[in-house]
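The values are calculated or read from the model by the stated rules, or taken from the named source; none is laboratory data. All values reported here derive from a predicted model rather than from experimental measurement. These area figures cover heavy atoms from the full protein model, side chains too; ligands, DNA and RNA do not enter into them. Shrake-Rupley method; radii C 1.70, N 1.55, O 1.52, S 1.80 Å.
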Amino acid sequence: MQDISELLKEAKPLYLARKKRHNRIKAGVVMLTCAMFVIAFLPQKQSTEGLVYWDLGYAGTESETYVENLGLPVDDYGLLLVS
């Protein structure tokens, strides 16, 4: 029994140091992951230089909607009617 107590006393600092190191690594990985998510979802400045805007050639009247101009059935609000 005495031998086990001595082994535990000897191994305790090594065990605690290893545990502390693993916790620091885990915390670093979590912080890095959070930082990557924040950077990925932050609004970024977008340049309009070099962008091409396509004109669909829609020349309907103001009372007609695009869907109605295509000849599809619409409701009172100009939305596509699904029956």
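A 1.4 Å probe run over the protein chains yields, for segment 5-44, 102 Å² of accessible area per residue, whole-number rounding. Under 17 Å of direct C-alpha separation, and excluding same-chain neighbours fewer than eight residues apart, Lys9 reaches these lysines: Lys19. In terms of accessible area, using a 1.4 Å probe and ignoring ligands and nucleic acids, Lys26, Lys9, Lys45 rank largest first as Lys45, Lys9, Lys26.
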